[in-house]
Structure formats: structure tokens, C-alpha cells
Amino acid sequence: RLKKVHYDFVDTSAVTSLYNMFSSMDKLEEITGLENFDVSNVTSMERMFISDYSLTKVSGVSNWNTKSVYNLTDMFYRCYALIDVTELTNWGRNSFIINCYNACIICAERICLTWYAFINNRKRVFS
């Protein structure tokens, strides 16, 4: 089974949905090259990493332009090994964060609570 995936030179500029992109890759531990994705037109990241049981970190996404994203349903559902979502903290917007919080509360409550708290505290500091 696939344990590592690397993306180079992938043109994602016209992509509007990342639905199930990495879903059910239960042995997948690492994804690299995500910083090369242009997600500025993406509206849905629904189930993007669902059932990726071995994935421990999502990296390369800190500078993604997520302004168009509104659907994060089950994005991290069943990602039991996922312990590091620090790169997602740059994505903060109220409705977006609430959507993501609802999307992953079942699978990784501790992560989303940390992420949600971080964004809310950052807003208070910089408001």
C-alpha cells in the first residue's frame, strides 16, 4: 500500500473540488508537494483526507488561498493518527473555522479544538 505521495508540477488552478482526493489511503503517512497546489478556485475539500488512518501531519498547506472554500465536511474524519494541523492556522475565518470544526470534531476533536482556540485567540490579539 502507498505510504508516501509527492506532487510536483501539478496544475490545479482550474480545480474546484478536492472531494475524496486522498480518501481511504489507510497506509498513507506523508504527503509532500502540497505547497505546489493552487486552490484559489476550490470550493470543496469535503472528505479530502477521510479514512487516512496513518496520516500524522498535513504539511505544505499554510499558504493555500482558501477564500473560496466553503465545504469541509468530513475533511479529517477517521484520521486517527493526525496530531499536527498547525499549518491550517493560517486559514482562519469565522465561518470557515466553524465549518472545519464541525467537519472534524468526530475524528480529531483535540486537534480542532486546539485549532479553533488558536484562531480565536489570534483574532482577539490582532483585532
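The values are calculated or read from the model by the stated rules, or taken from the named source; none is laboratory data. Just so you know, these numbers come straight off a predicted model, no measurement behind them. Note that we place each Cβ from the backbone using ideal geometry, even for glycine, and neighbour counts take in every protein chain shown. These area figures cover heavy atoms from the full protein model, side chains too; ligands, DNA and RNA do not enter into them. Shrake-Rupley method; radii C 1.70, N 1.55, O 1.52, S 1.80 Å.
Points worth noting:
- If you go through segment 8-66 and keep only what is on the phi < 0 side of the Ramachandran plot and of a type in the set (K, R), you end up with K27, K57.
- Yes/no for E35 being modelled with pLDDT of 80 or more, assigned to a helix (DSSP H, G or I) and of a type outside the set (A, V, I, L, M, F, W, C): yes
- Boolean, N90 is open to solvent by 30 Å² or more (accessible area, probe 1.4 Å), more than 15 Å from F22 (Cβ to Cβ), in contact (Cβ under 8 Å) with a residue 12 or more places away in the chain and not in a loop (DSSP other than H, G, I, E, B): yes
- When residues of segment 76-87 are limited to those that are in a loop (DSSP other than H, G, I, E, B) and open to solvent by 70 Å² or more (accessible area, probe 1.4 Å), the one modelled with the lowest pLDDT: I83
Listed here are the residues, each with its yes/no results for (1) within 20 Å of T73 (Cβ to Cβ); (2) open to solvent by less than 40 Å² (accessible area, probe 1.4 Å); (3) of a type in the set (D, E, K, R); (4) touching a Pro at 6+ places or on another chain (Cβ under 8 Å).
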{"position": "K4", "(1), (2), (3), (4)": "no, no, yes, no"}
{"position": "D8", "(1), (2), (3), (4)": "no, no, yes, no"}
{"position": "Y19", "(1), (2), (3), (4)": "yes, no, no, no"}
{"position": "T32", "(1), (2), (3), (4)": "no, no, no, no"}
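- Count - residues of segment 52-75 that are assigned to a loop (DSSP other than H, G, I, E, B) and under 20 Å from Y7 (Cα atoms): 14
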